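Okay, structure first, notes after.
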Amino acid sequence: MRLGVAGPVGTGKSSLIATLCRALSEELRLGVITNDIYTDEDARFLKSAGVLDPERIRAVETGACPHTAIRDDVTANLLAAEDMEADFGPLDLVIIESGGDNLTATFSPALVDTQLFVLDVAGGGDVVRKGGPGIARADLLVINKTDLGEYVGVDVERMAREGREARAGGPVIALSRHDEASIRMLTGWVRETLAHYRTGDHTPVDPGPMAPHFHAGQDDEDGHLHSHADGNSHSHDHAPVEAEQGA
């Protein structure tokens, strides 16, 4: 099974994956693929954490907007997953981490069998109400770093409740790597989903196309607008090279 982990920059996706690897590596055969635009920093973090054999942690440098390689053209990630399976298979679970993106990021069901979306309390308690395909329709929403809630003035219970409302009752886990009970909830969800996958009772659900959005500037001249209304389009209106270099 392939599990996609998406969410904005800094929400703790890599730490969550490290937590999963520590908890599950004794019982499941795991592999991890990370996505970064120009570096392999997330892969290096996971390797240095010692959570898996370093050869089972591989990086895809997308060289483009982070969502491109998980939604629009998944070829690089599919090849990475197939190579890992060829080298170490059969694997029970391959975890694919997206590069840090915005609230609209979703994985293509052609790439992953299930996906979770990560927010953190440091991003503010109101972020969950902003919605977006990742928040509303991923298979699981994780509200991470709950141990920081009291320090940033966030009511974690309220944030989780509003997350469930935004997801029409869909599952939400409030997670802290320092809270064993929440880790058991997360690993339990993974085990249950994997069990359904193995019996053929799990069907990948497409969270839907990403909303049109800007990555820089506020109009077509200053930035590049992406429209995914048809699930495939990915048009760019790029700023001049000089402006990009000066950014």
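Below are the figures for this structure:
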quantity: Proximal charge balance of LEU91 [Cβ under 10 Å; K/R count +1, D/E count -1]; calculated: 0
quantity: Summed residue charge, Cβ within 13 Å of THR106's Cβ, Lys/Arg positive, Asp/Glu negative; calculated: -2
quantity: Cα radius of gyration and Dmax for segment 2-198 (Å); calculated: 15.7, 47
quantity: Of every Cα-Cα pair in segment 84-205, the percent that sits beyond 18 Å; calculated: 56
quantity: Positive minus negative residues near ASP120 (Lys, Arg vs Asp, Glu; Cβ under 10 Å); calculated: +2
quantity: Trypsin sites (Lys or Arg not before Pro) lying in DSSP loop within segment 18-98, provided at most 16 other Cβ fall within 10 Å; calculated: ARG29
quantity: Taking all pairs of distinct alpha-carbon atoms in segment 5-62, Kirkwood radius in angstrom; calculated: 11.6
quantity: Alpha-carbon centroid distance for the pair segment 169-192 / segment 75-126, whole angstrom; calculated: 17
quantity: Cα gyration tensor shape for segment 3-100, rounded if a/c is under 1.5, else prolate or oblate; calculated: oblate
quantity: GluC sites (Glu not before Pro) restricted to segment 7-54 and DSSP loop, no more than 10 other C-beta within 10 Å; calculated: GLU26, GLU27
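Each reported figure results from applying straightforward, stated rules to the coordinates on display, with no laboratory input. On a predicted model such as this, the values are computed, not experimentally measured, just so you know. Every residue, glycine as well, gets a Cβ built from its backbone with ideal geometry; the counts of neighbours run over all protein chains shown.
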